[in-house]
Ligand SMILES: [Fe+2]
């Protein structure tokens, strides 16, 4: 490791919460993972957020893939990379909590005691900038809804608080992806069956991502 790398690493180590200081995270501290007592049911719910179809593992790999494909558009590539890193922090916090609840944090869900392991087909790979951004916006919306549902079902105040902090990041990501879509895809509709179009001010009209645009136009 070079001297410069070591200095950088040491700088990061003295930062009490390096992730909250990334520009794509909300500048608020994360509560440390804590639980009242082990609880298998709560762990099962959190495994959905961790390694389910729309969980953090999917978000990390999808945004990293989009980061790689957006290399010609620096601002988009940086956005996808930064958000992927924050999602990795969410994955870590959820994994530590699942462990405290008494369940090994393997990358799988446990529904009716049946293990369903995460796999790369959960990722929306996409064809162009607009359908990828639409999928990222839809992913954030789904994540927020899932976290809200689980917050309601989980009685442990420590976990509720952690999910609240994660939701704030996801809402921030939703704003950032929506702004990017308004810049690169103004007026673009991403499905022919429902009215899902990017508004001029960064809003997405309609219910979210339900389909995809045609071939790879580069946008
Ligand atoms: Fe997340």
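Computed from the coordinates by the stated procedures, all read-outs in this text should not be read as laboratory data. Not measured: the values here are computed from a predicted model. Every residue, glycine as well, gets a Cβ built from its backbone with ideal geometry; the counts of neighbours run over all protein chains shown.
Overview of results
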| read-out | value |
| --- | --- |
| Segment 32-205: relative contact order in percent, alpha carbon pairs under 8 Å with at least 6 residues between | 24 |
| Additional length obtainable on full extension of the chain from residue 37 to residue 161, 0.36 nm per residue less Cα span | 43.1 nm |
| FRET E, pair residue 153, residue 179, Förster distance 45 Å, beta-carbon r, rounded to 0.05 | 0.90 |
| Separation of the residue 120 and residue 171 label points, Cα + 7 Å toward Cβ, nm | 3.6 |
| Neighbour-count ranking [beta-carbon atoms within 10 angstrom, fewest first] of 141, 160 | 160, 141 |
| Principal axis dimensions, segment 24-100 - Cα atoms, whole angstrom, descending | 48, 28, 12 |
| Gain on full stretching of the segment that runs from residue 92 to residue 77 - 0.36 nm per residue minus C-alpha separation | 3.1 nm |
| For segment 87-147: relative contact order, % (alpha-carbon pairs under 8 angstrom, 6 or more apart) | 13 |
| Virtual spin-label span in nm between residue 112 and residue 21, 7 Å along Cα→Cβ | 4.9 |
| Least to most buried among 178, 121 (fewest other Cβ within 10 Å first) | 121, 178 |
| Stretch gain in nm, segment residue 10-residue 127, where the contour uses 0.36 nm per residue and the Cα spacing is subtracted | 38.1 nm |
| Sorted by Cβ neighbour density within 10 Å, fewest at the top, the residues 176, 36, 133, 79 | 36, 176, 79, 133 |
